[in-house]
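J.: Shown below is the structure under consideration.
The values are calculated or read from the model by the stated rules, or taken from the named source; none is laboratory data. On a predicted model such as this, the values are computed, not experimentally measured, just so you know. Glycine also receives a Cβ, built like all others from the backbone with ideal geometry; neighbour counts cover every protein chain displayed. For accessibility, only protein heavy atoms count, side chains too; no ligands or nucleic acids. Shrake-Rupley method; radii C 1.70, N 1.55, O 1.52, S 1.80 Å.
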Amino acid sequence: MTAGLAALAARLADELAFLQLPAPRWTPAGEHDGAPVADVAIVGAGMTGLALAAALVQRGVSVVAYDEAPAGLEGPWATTARMETLRSPKQLAGPALGIPSLTFRAWFEAQFGREQWDALDKIPRLQWMDYLRWYREVLALPVRNGHRVIDLRPRRDGLVELAVERDGGTATRAWARRVVVATGRAGLGGPALPAYAEALPRTRWAHSSDDNDYAGLAGLRVGVVGAGASAMDSAATALEAGAAHVHLLVRRADLPRINKGKGAGNPGFVAGYARLSDDWKWRIRHYINTQQVPPPRNSTQRVSRHANAHFHLGVSIVDVDEREGALQVRTSAGSIELDFLIFATGFKVDWRQRPMLRRIAPCIRIWKDRYAPPAGDEDVELAESPDLGAEFEFQARAGADCPGLDRVHCLSYPATLSLGVITGDIPAISEGALQLADKLAGLLYAEDIEHHYARMERYDEPEILGDEWVAEPLASPVSAASK
Ligand SMILES: Cc1cc2nc3c(=O)[nH]c(=O)nc-3n(C[C@H](O)[C@H](O)[C@H](O)COP(=O)(O)OP(=O)(O)OC[C@H]3O[C@@H](n4cnc5c(N)ncnc54)[C@H](O)[C@@H]3O)c2cc1C
């Protein structure tokens, strides 16, 4: 550890002490079948899982976070992401939970100084991952890596049973009183792919979130479907790997230029969104969806600086088949022959892609079970989103018999329609983690009220000892004389 980081760790320890954090454990220790029961188990220890674990530890709640990835490789940053820098502005407080010494800026300045901070434009992607690694380490968060949760079974007795596979070996069982699904952008599903992709040989295409071998694209004609940030990152990576040509196939006649979601951001939006009516929530999210988020300027320029990059706008793919050793791509604007396609087409809710949720998925109410949007505002992504309750919990659809389903909470991107922008992006992740941690602490307390009441009754630490005063009878000689 550098001297700067050691000094920062000492400053952080002071700040936590000044705030009296973490609170001592106050929940009763439970066990089941001889194994400890966590108050909260978090599935996923990416940025969201870490921030939530930190907020729960601060509140004196027992927590364990499972992540299938090896330590330090959680989330997309050092694995499938390909941008040079984050989109988010460098000064955002991210998962710092209101503690100055936990910010990226504090971590950066501790190592490189204020001048370098002022000179920094955007945060390099891998440096963000380094910061998250430090965040976890300096807070000593209870994360178990190489642990894949493969089954969640809420029970009638107030516990949720988890089946956890360790490093691909046999699954063991674990128990928690509450479970939070913090599995990220694709957290309740996986890649959204056009129907024709599934019929193509797997050697001919990748989704932008795949761990694709870009070096293997050298010399090939590559098509990239989409025009968002991940389309630019995939195209740039293919070009840098020596692709002969990269064709961006974009359905829209123009690239979106304005990030409406960014324009909507303010503390009221973060705090007040969940209170809005269904109609307003749908209207806002549908508007942001239809306006679409532009790719970052630097990512777009990273593509266009290559002479063999081609932007084709207003081009819809009609179908694709493999013939004569290549992909024959038929589009609304004519045909093109390619060797490989990358689908930068985002993610969708698709419970089948998440075996962990197979047991509860049929019970979970989604927006389309309950809400019909105004004609013309239909939106498949929104319609498939989980319809979460005020405690971020999954709710049962009409007629479903799933006792304990409300013990499973969701803090991942598909929760955005219900909860707003607190579900996993850097700008409001602290608010999401703090809000959910408060709600979980409150639920745990209310559930154990008899225990806490009995504890209050048993509590016997005197604050005064009885030798601080002398009691006198009311009719004392002084008061009689003064009559
Ligand atoms: C390429 C890319 C770039 C992005 N850039 C930005 C940006 O600049 N600014 C911004 O605000 N947002 C950005 N985002 C969006 C968002 O901030 C990130 O997706 C971020 O990683 C979300 O954090 P998370 O913890 O919710 O999810 P993740 O970081 O994806 O973490 C989820 C974790 O869950 C684990 N997991 C999943 N299933 C299981 C299971 N069954 N058992 C155990 N573990 C499991 C995974 O291994 C993973 O580590 C970006 C997203 C992507 C994909």
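J.: Can you name every residue in segment 92-130 that is within 23 Å of Leu73 (Cβ to Cβ) and free of Cβ contacts under 8 Å to residues at least 40 places away in the same chain?
T.: Result: Thr103, Phe104, Phe108, Ile123, Gln127, Asp130.
J.: Hey, can you tell me all the residues within segment 403-416 that are open to solvent by 10 Å² or more (accessible area, probe 1.4 Å) and either among the small types (Gly, Ala, Ser) or at pLDDT below 95 (or both)?
T.: Hit for segment 403-416 is Gly404, nothing else.
J.: Based on this model, can you work out whether Tyr273 counts as of a type in the set (Phe, Trp, Tyr) and open to solvent by 10 Å² or more (accessible area, probe 1.4 Å)? First the steps, then the outcome.
T.: Values: of a type in the set (Phe, Trp, Tyr): yes; open to solvent by 10 Å² or more (accessible area, probe 1.4 Å): no.
When the stated conditions are applied, Tyr273 does not pass them.
J.: I've got another one for you. When you go through Gly216, Gly187 one by one, which is the residue that is on the phi < 0 side of the Ramachandran plot, open to solvent by 20 Å² or more (accessible area, probe 1.4 Å) and small (Gly, Ala, Ser)?
T.: Answer to the check: Gly216.
J.: Residues that are of a type outside the set (A, V, I, L, M) and buried (at least 17 other Cβ atoms within 10 Å of the Cβ): which strands (runs of 3 or more DSSP E) entirely in segment 313-387 hold 2 or more of them?
T.: Filter on segment 313-387 gives 340-343, 347-349.
J.: I've got another one for you. Just one of (1) farther than 23 Å from Leu313 by Cα; (2) open to solvent by less than 50 Å² (accessible area, probe 1.4 Å); (3) not small (Gly, Ala, Ser) trips up Leu249, so point out which.
T.: Among (1) farther than 23 Å from Leu313 by Cα; (2) open to solvent by less than 50 Å² (accessible area, probe 1.4 Å); (3) not small (Gly, Ala, Ser), the lone unmet condition for Leu249 is (1).
J.: Turning to a different aspect of this structure: Pairs under 9 Å by beta carbon, first residue under 15 Å from Val293 (Cα atoms) in segment 220-236, partner of a type in the set (Asp, Glu), six or more apart or different chains?
T.: Listed by first residue and then by second, the contacts come to Asp233/Glu84.
J.: All but one of (1) open to solvent by less than 30 Å² (accessible area, probe 1.4 Å); (2) over 24 Å from Glu68 (Cβ atoms); (3) out of contact with any helix residue (DSSP H, G or I) (no Cβ under 7 Å at 6 or more places or on another chain) hold for Leu419; state the number of the condition that does not hold.
T.: Among (1) open to solvent by less than 30 Å² (accessible area, probe 1.4 Å); (2) over 24 Å from Glu68 (Cβ atoms); (3) out of contact with any helix residue (DSSP H, G or I) (no Cβ under 7 Å at 6 or more places or on another chain), Leu419 violates only (3).
J.: Can you tell which of Arg302, Arg297, Arg359 is closer than 25 Å to Ala182 by Cα and within 16 Å of the ligand (Cβ to nearest atom)? First the steps, then the outcome.
T.: Working: Arg302 fails: closer than 25 Å to Ala182 by Cα; Arg297 fails: closer than 25 Å to Ala182 by Cα.
That would be Arg359, the only listed residue that is closer than 25 Å to Ala182 by Cα and within 16 Å of the ligand (Cβ to nearest atom).
J.: Quick one: how many residues across segment 1-57 are open to solvent by less than 40 Å² (accessible area, probe 1.4 Å), of a type outside the set (Asp, Glu) and part of a helix (DSSP H, G or I)?
T.: 16
J.: Oh, and also: I'm told Phe18 meets every condition in (1) within 25 Å of the chain's Cα centre (by Cα); (2) away from the ligand (no atom under 11 Å from the Cβ) except one. Can you identify the failing condition by its number?
T.: Going through the list (1) within 25 Å of the chain's Cα centre (by Cα); (2) away from the ligand (no atom under 11 Å from the Cβ), Phe18 breaks only (1).
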